[in-house]
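So the structure is just underneath, and the comments pick up after that.
The values are calculated or read from the model by the stated rules, or taken from the named source; none is laboratory data. Everything quoted here is computed from the prediction, not taken from an experiment. Using ideal geometry, Cβ is built from the backbone for each residue, glycine included, and neighbour counts are taken over all protein chains shown. SASA here: full protein model, heavy atoms, side chains in, ligands and nucleic acids out. Shrake-Rupley method; radii C 1.70, N 1.55, O 1.52, S 1.80 Å.
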Amino acid sequence: MRPSQMSRRGFLGAAGSLGLLALVPAGRLNALLEAVAAPGQPGRFLTAHELDTLRALTARLVPGPPDDPDPGALEAHAAEAIDLLLGAFEVNPPMIHAGGPFSNRAGSAHDDFADFVALDAHAELGWRIRLEGSKGMPALAGKRASRDEFWMRRRGLTGR
């Protein structure tokens, strides 16, 4: 492999790290991940068996010791991070968007990104559809409705 090429492991690690950094401040993320890090313990969204299966799957995709000297998905708590995103609506406000505009990295007295902000109705609906699918949404069940058709049904503007 040429030095300028990125390996699959490097790409997945970088993408996962950036995704996690965008969601939760490091201190809070570590506390949340450690709460469900023990095997056989349920997560916020997944059952204990589902979370253990996801751990095995992520460990197979990005192996760590002893197969690889670098830390892998188990050490990075990838399965727990996926569980946190799937269970984002289990807490209020949902763990989707952190506040801002300033963090305490440059000496600010308060870390605005440590607090999550409430979603407006449209953002919440969009994230619920992404995370939960069409559960409880007759307009989306069975077929893919167009955006205009969905909102017209949602507002009661069609006879269907």
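So here's what we get for this one:
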item: Tally, over segment 64-122, of residues that are modelled with pLDDT of 85 or more, part of a loop (DSSP other than H, G, I, E, B) and farther than 28 Å from residue 38 by Cβ; result: 4
item: Qualifying residue in segment 19-41 (condition: at pLDDT 85 or above, among the acidic types (Asp, Glu) and in a helix (DSSP H, G or I)); result: no
item: Positions within segment 54-68 being open to solvent by 90 Å² or more (accessible area, probe 1.4 Å) and among the acidic types (Asp, Glu), in sequence order; result: 67
item: Residues satisfying the stated conditions in segment 123-136, i.e. at pLDDT 80 or above and open to solvent by 70 Å² or more (accessible area, probe 1.4 Å); result: 128, 130
item: Scan of segment 43-53 for residues that are within 9 Å of residue 83 (Cβ to Cβ) and open to solvent by 30 Å² or more (accessible area, probe 1.4 Å), ordered by number; result: 44, 45, 50
item: Residue list for segment 42-63, filter: of a type outside the set (A, V, I, L, M), within 18 Å of the chain's Cα centre (by Cα) and in a loop (DSSP other than H, G, I, E, B); result: 42, 43, 44, 45, 47
